[in-house]
Amino acid sequence: MQFRVPKGTTDIVPDVAVKWQYLERKAVELFKTYGYKPIITPIFEHTEVFTRSIGSSTDIVQKEMYTFEDKGKRSLTLRPEGTAPVIRSYVEQNMNQLPQPVKLYYTGPMFRYERPQAGRYRQFWQIGVEAIGSDDPAVDAESILLLVNYFKAVGLKELTLYINSMGCENDRPQYIEMLKEYAEAKRESLCNDCVKRVDLNPLRLFDCKNETCQAVMADAPKLIDHLCESCSGHFDEVKHYLEMQCVNYTIKPELVRGLDYYTKTTFEIVSPLLGAQNAIGGGGRYNKLVEEFGGPSTPGIGFALGTERLALAVEKEGVFDVNENSTEVFIAVADPAAKHAAVNILYQLRSNDISSDIDYMNRSLKAQLNAANRRGIRYFVFLGSRELEAGAVVVKDMEDGAQVEVKLNELVEHLTGLVGAAK
RNA sequence: GUGAUCGUAGCUCAAUUGGUUAGAGCGUCGGACUGUGGCUCCGAAGGCUGUGGGUUCAAGUCCCAUCGGUCACCCCA
């Protein structure tokens, strides 16, 4: 029996990995122009990092975490999301001493024990950013615009941006009481799941797919209508900034993100090209989180996007623009006697930054050409006993079949010229 | 965690009502008057039919279990 990847995981094979690297490269470029810097935190953290921050009522904490005990009896957890570790690090590394806001981005795998599905895996990759230290609505807008502009930059066109406000630490409890009261009164009309939600996680009542529940909830009070003056003013500002950049958005009062730490602005971008798992990126403000981790009262906001889902959407849109820089030069050994000299040339080319390769399969000359040709290599250098005697090689451009003889001591210069011109 | 559906070469798929040594295309490797590619032609390798049981004279085909894929619920990136 052969080994297989664990359930819900997959190998990112070269053809796919190249695309991922492209997506990541584009992200990093853009993040940089917005003033964000990279941060790399451990793949696992003390379990409490997540249980404290994400919220104990969420499924993530309740049943989806990869938690284990190490040999020192520490309870550790493979990170299920990226924000909590970054905030932990912000506090631990005293980043409040840096000029604020501190703007960070990260990329890497996250882990959740879920039933795999289209766009949902047990190990999945996220690219995320966090801006910590400012409550300026312009930062909210920056975060949203960065996400929108990134998706545009990789060629996505069909996107829907949803925004909402969760209110502050005062608004939310008040509202939840109001919501509970409303739902309690309509208890008999709700499905079993929703009855449970009333006590466990009332905000989730809006998510139910059941039609009668939806009808009931359509008339329920919305958090967005019960924000305090400061929060609704903040939200208005955010909207204003978005409008200034001509970004279309839809206010979705029932938009509740999965993590409990959100306050004020939340947002999500959905792609119609995807299946049930269509949220391709999302985030929000978390003004209490730094305090939660024992740091000074510090506001923050950020988002995360799913690399698999993004790649899926870009693929469906048919706009992957990966310029796969294939090997440029292939050294064809026409005669076994020339092998040593050929390898020597190979390293000479490589040390001059010419990407080059040679046959390692003892192929016939014809088979060498065949194989290299399929790899899309454009320039071939022929070397056999005839060339060895002449102190020159034959350089062939496979695009038009033209061949020229080049002196060995001029080869590097010649190829550098060809490769440079081709680019 | 719940439900549906599927599981045959590296990939995409075949295999009459259960019936002999499980086939094809693509890909891989090799060859086509031996120092020149893409096209074409020829050939080769490659499967204990996901795994384990059961029914039967006989199982890729039927039954059960298990593992995995896919899709949806749930949840979320």
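The values are calculated or read from the model by the stated rules, or taken from the named source; none is laboratory data. All of these numbers come straight from a predicted model, not from anything done at the bench. Methodologically, a virtual Cβ is constructed for each residue, glycine included, from the backbone with ideal geometry; neighbour enumeration extends over all protein chains shown. Quick note on the areas: whole protein, heavy atoms, side chains included, nothing else; ligands and nucleic acids left out. Shrake-Rupley method; radii C 1.70, N 1.55, O 1.52, S 1.80 Å.
A few points about this structure:
- Among the residues of segment A:116-161, the one identified as without any contact (Cβ under 8 Å) to a residue 40 or more places away in the chain and of a type in the set (Lys, Arg) is A:LYS152.
- Of the residues A:ILE60, A:ILE40, the single one that is within 12 Å of RNA strand B (Cβ to nearest atom) and not in a strand (DSSP E or B) is A:ILE60.
- In the set A:LEU365, A:LEU349, only one residue is touching a Ser or Thr at 6+ places or on another chain (Cβ under 6 Å) and outside the structural domain of A:LEU273 (by TED's automatic domain parsing); that residue is A:LEU349.
Residues are listed down the side, and each one gets a yes or a no for (1) within 22 Å of A:ILE54 (Cβ to Cβ); (2) in a helix (DSSP H, G or I); (3) open to solvent by less than 50 Å² (accessible area, probe 1.4 Å); (4) within 16 Å of RNA strand B (Cβ to nearest atom):
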| residue | (1), (2), (3), (4) |
| --- | --- |
| A:GLN126 | yes, no, yes, yes |
| A:ALA141 | no, yes, yes, no |
| A:PHE151 | no, yes, yes, yes |
| A:LYS157 | no, no, no, no |
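- Test result for A:ALA311, in the same structural domain as A:LEU274 (by TED's automatic domain parsing), within 16 Å of RNA strand B (Cβ to nearest atom) and modelled with pLDDT of 90 or more: yes
- When segment A:238-251 is limited to residues that are in a helix (DSSP H, G or I) and open to solvent by 80 Å² or more (accessible area, probe 1.4 Å), the one that is farthest from A:GLU158 (Cα to Cα) turns out to be A:HIS240.
- Scan of segment A:194-203 for residues that are under 32 Å from the mean Cα position of the chain (by Cα) and either away from RNA strand B (no atom under 11 Å from the Cβ) or at pLDDT below 80 (or both), ordered by number: A:ARG197, A:LEU200, A:ASN201, A:PRO202
- Annotation: A:LEU411 fulfils all but one of (1) surrounded by fewer than 19 Cβ atoms within 10 Å (Cβ to Cβ); (2) more than 8 Å from RNA strand B (Cβ to nearest atom); the unmet one is (1).
- Index of the failed condition, A:HIS340 passing every other in (1) closer than 26 Å to A:GLU24 by Cβ; (2) in a helix (DSSP H, G or I); (3) free of Cβ contacts under 8 Å to residues at least 40 places away in the same chain: (1)
- The residue that is surrounded by the fewest Cβ atoms within 10 Å (Cβ to Cβ), counting only those in segment A:62-83 that are within 25 Å of A:THR298 (Cα to Cα) and in contact (Cβ under 8 Å) with a residue 40 or more places away in the chain, is A:GLU81.
- Matching residues in segment A:379-389 - criterion: being near RNA strand B (Cβ under 8 Å from one of its atoms) and either within 15 Å of A:ASP400 (Cβ to Cβ) or assigned to a strand (DSSP E or B) (or both): A:PHE380, A:PHE382, A:LEU383
- Of the residues making up segment A:314-341, those that are under 15 Å from A:ARG386 (Cα atoms) and either loosely packed, with under 14 Cβ neighbours inside 10 Å or modelled with pLDDT under 80 (or both) are A:PRO336, A:ALA337, A:HIS340.
- All conditions but one from (1) free of Cβ contacts under 8 Å to residues at least 12 places away in the same chain; (2) more than 16 Å from RNA strand B (Cβ to nearest atom) apply to A:GLY35; the one that does not is (1).
- Filter result for A:THR10 (surrounded by fewer than 20 Cβ atoms within 10 Å (Cβ to Cβ) and touching a residue at least 40 places away in the same chain (Cβ under 8 Å)): yes
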